[in-house]
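Chemist: Pasting in a structure now, in structure tokens, and then I'll have a few things to ask.
The values are calculated or read from the model by the stated rules, or taken from the named source; none is laboratory data. Since we're looking at a predicted model, the values are computed, not measured. We place every Cβ from the backbone using ideal geometry, glycine too, and count neighbours over all the protein chains shown.
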Amino acid sequence: MLTFSISENLSKRGVQVVAAICTVDSVSKRRWAELEKKIGEIINSTDRENYENSNILDEYKALYPDTMKEESCPASHLLTLVKKTWKLPNINRLVDCYNLVSLQTWLSIGAHDTDYIAGNIRFNMTQWDEKYTPLGNNETVTVWKNEYVCLDEEKVLCRMDIKQCDQTKVTWDTKKCFIYVQWNNKTTLWYIQEALLQVCENIQNFCGGTYTILQQK
């Protein structure tokens, strides 16, 4: 079974993670009517006007190094899009399932296809020699020293909570994935555990399959 761990220096900064393994029957571009209905309900009930003053979102950004301060955390990016369009971007059914929870909770949530994960997963600070290929790119780029990352034994899976690597992205062929929710000092363990359960149940309901909650190593 895949395991994950968090370094002590990250824990001291308030970074913690809850995670699960989800097996899925189908990852499709097409949304079911039930999922569309749920998305509409969440969009209509989401506070799109005041999110820029959210302590949760501010705390995520406080963890970024000075070189990344202009970046938006994932939930902030989603909220901005929804505020403009009143729509949740349709990536694929599995990604939509966790983006929906991110929109509800303003939490950073990620997923990685386990077929392309090498060994176990760690959340740690970079040493400047890590390999990272951003989503949508073919070339490896350098990450700065002392950024926090999610990584396996070969590569960076996600740079902070901002952008994952290209190799482990969820596609229509994905059958099993590592799902995680990241907390910070403005959230509680209960809050992120509930978010993780909602993600897993969304995936089970709209993609089929099962899920297993992981214990931190």
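Chemist: Pull out all pairs, ordered by first then second residue, where Cβ-Cβ is under 6 Å, the residues are six or more apart or on different chains, the first lies in the stretch 104-119 and is farther than 11 Å from Pro74 by Cβ, and the second is of a type in the set (Asp, Glu) and part of a loop (DSSP other than H, G, I, E, B).
Modeler: Ile117/Asp152; Ala118/Asp152; Ala118/Glu153; Ala118/Glu154; Gly119/Asp152; Gly119/Glu153
Chemist: While we're looking at this one, here's another question. Which residues, counting only those in the stretch 189-216, are aliphatic (A, V, I, L, M) and assigned to a helix (DSSP H, G or I)?
Modeler: Leu189, Ile192, Ala195, Leu196, Leu197, Val199, Ile203, listed by residue number.
Chemist: Also: With the checklist (1) free of Cβ contacts under 8 Å to residues at least 40 places away in the same chain; (2) buried (at least 21 other Cβ atoms within 10 Å of the Cβ); (3) not acidic (Asp, Glu) in hand, flag the one item Cys177 doesn't pass.
Modeler: Evaluating Cys177 over (1) free of Cβ contacts under 8 Å to residues at least 40 places away in the same chain; (2) buried (at least 21 other Cβ atoms within 10 Å of the Cβ); (3) not acidic (Asp, Glu) leaves (1) as the failure.
Chemist: Could you run through the stretch 74-99 and say how many residues are surrounded by fewer than 20 Cβ atoms within 10 Å (Cβ to Cβ), at pLDDT 90 or above and polar (S, T, N, Q)?
Modeler: Final tally of qualifying residues: 2.
Chemist: Is it the case that Thr140 is more than 25 Å from Ile192 (Cα to Cα) and either touching a residue at least 40 places away in the same chain (Cβ under 8 Å) or not charged (D, E, K, R) (or both)?
Modeler: So Thr140 passes the test.
Chemist: Quick one: in the stretch 28-48, of everything that is in contact with an Asp or Glu (Cβ under 8 Å, 6 or more places away or on another chain) and in a helix (DSSP H, G or I), which residue is nearest to Pro89 (Cα to Cα)?
Modeler: Applying the filter and picking the extreme gives Ile39.
Chemist: Could you list, in sequence order, all residues of the stretch 116-133 that are surrounded by fewer than 18 Cβ atoms within 10 Å (Cβ to Cβ), out of contact with any Lys or Arg (no Cβ under 7 Å at 6 or more places or on another chain) and of a type in the set (D, E, K, R)?
Modeler: Asp129
Chemist: Let me ask another. Evaluate the stretch 29-48: report whether one residue or more is surrounded by 14 or more Cβ atoms within 10 Å (Cβ to Cβ), modelled with pLDDT of 90 or more and basic (Lys, Arg).
Modeler: yes
Chemist: Could you tell me whether the stretch 196-208 includes any residue that is β-branched (Val, Ile, Thr) and crowded, with 22+ Cβ neighbours inside 10 Å?
Modeler: Checked the stretch 196-208: at least one residue is β-branched (Val, Ile, Thr) and crowded, with 22+ Cβ neighbours inside 10 Å.
Chemist: I would also like to ask the following. Test of understanding: among Glu71, Glu59, which residue is surrounded by 14 or more Cβ atoms within 10 Å (Cβ to Cβ) and modelled with pLDDT of 90 or more?
Modeler: Glu59
Chemist: Something else now. Among the listed residues Val170, Val143, which satisfies the condition of being touching a strand residue (DSSP E or B) at 6+ places or on another chain (Cβ under 9 Å) and over 21 Å from Val95 (Cβ atoms)?
Modeler: Just a single option satisfies the conditions, and that option is Val143.
Chemist: Given the structure, is Val149 in contact (Cβ under 8 Å) with a residue 24 or more places away in the chain, surrounded by fewer than 23 Cβ atoms within 10 Å (Cβ to Cβ) and either in a strand (DSSP E or B) or of a type in the set (Gly, Ala, Ser) (or both)?
Modeler: It is true that Val149 is in contact (Cβ under 8 Å) with a residue 24 or more places away in the chain, surrounded by fewer than 23 Cβ atoms within 10 Å (Cβ to Cβ) and either in a strand (DSSP E or B) or of a type in the set (Gly, Ala, Ser) (or both).
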